[in-house]
Structure formats: C-alpha cells, structure tokens
C-alpha cells in the first residue's frame, strides 16, 4: 500500500464496469495536471488492502477517494475533495463548500449513481470513452 500512496497521494476507487464511471475517471486523469490522484478500479484486488472496511456494495454505490492519510471521501464529498486539487475543478469544489450545497449535491449524486447505467446508455458513454483516450501516466504504468 505504501508504494501506491507514494506514487500518488490520493487513490480514487471507481466502478470500472460502468461506462459513465470509466468516462469520469478518464476525464479526471486528464484534469490531473499535477498527478495528485491515481485511479484504482474496484475490480483490482488491491482495493481490499487500500480500503478493507468497504464492501463491494458500498464501492458500487459511489466513487471513493482514499487520501494519503487514509481518510475516505465518498460521493459528492469525493468530488469536492478532488476538485480542490484539480485546477479546472476548483470553482466546482468552492461551490460545494457553500453551506447546504453539499447536502443537495449528495442527493443528486445518489440519484445519478442509482441510474448510472441508464445514463451511460442515454449519453453514449462508451462512444465518449472511445473519443477521450486514457491518459498514459507514469504512476499508472507502475501499477
């Protein structure tokens, strides 16, 4: 686990069987100019070592970010946490810090999460993933 954290301080756990989630992670890696995050699909066996107290159902419900300190951010709070570290997402993250906004964002996030497979088909995420190539990063190659 130490080697993973050393390469990128924040690990993002995502559902790699969901086209919408995969597209979201590809987008986040392109926005990660300073290489502060590493994407780890929940199908990877290392997830159990990184977040042993999270079961598969919890991991499927939302995106999770495990910080270098071991704290876990989930759902909209994960988006807010990552947004403060990715320059183009800072305005979104700041908006999510306005009192009360994160509670609404969590409700919206839960709705999107429950309907993500339908939304993937609706928005054509598989085709979008083909358009947006995976970013080749040194930390991803070392996995």
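The values are calculated or read from the model by the stated rules, or taken from the named source; none is laboratory data. The structure presented is a predicted model; accordingly, all values stated were derived computationally and were not measured. Here Cβ is always computed from backbone atoms with ideal geometry, including for glycine, and neighbour counts include all displayed protein chains.
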Would you call residue 40 buried (at least 18 other Cβ atoms within 10 Å of the Cβ), under 19 Å from residue 76 (Cβ atoms) and modelled with pLDDT of 90 or more? no
Residue 79 within 26 Å of residue 115 (Cα to Cα), touching a residue at least 12 places away in the same chain (Cβ under 8 Å) and either over 13 Å from the mean Cα position of the chain (by Cα) or surrounded by fewer than 14 Cβ atoms within 10 Å (Cβ to Cβ) (or both): no
Flagged in segment 85-121 as outside any helix (DSSP H, G or I), without any contact (Cβ under 8 Å) to a residue 60 or more places away in the chain and surrounded by 16 or more Cβ atoms within 10 Å (Cβ to Cβ), in numbering order, are 86
Filter segment 33-43 down to residues that are part of a loop (DSSP other than H, G, I, E, B) and either in contact with a strand residue (DSSP E or B) (Cβ under 8 Å, 6 or more places away or on another chain) or free of Cβ contacts under 8 Å to residues at least 60 places away in the same chain (or both), then give me how many there are. 5
It is to be established whether one or more residues within segment 10-26 are without any contact (Cβ under 8 Å) to a residue 24 or more places away in the chain and exposed (fewer than 14 other Cβ atoms within 10 Å of the Cβ). no
What number of residues within segment 44-69 satisfy the criterion of being in contact (Cβ under 8 Å) with a residue 40 or more places away in the chain and in a helix (DSSP H, G or I)? 6
Given (1) more than 20 Å from residue 111 (Cα to Cα); (2) out of contact with any helix residue (DSSP H, G or I) (no Cβ under 7 Å at 6 or more places or on another chain); (3) at pLDDT 90 or above, number of the condition residue 74 does not satisfy: (1)
Which one of the conditions (1) within 19 Å of residue 93 (Cα to Cα); (2) in contact with a helix residue (DSSP H, G or I) (Cβ under 9 Å, 6 or more places away or on another chain) does residue 40 fail to meet, given that it meets all the rest? (1)
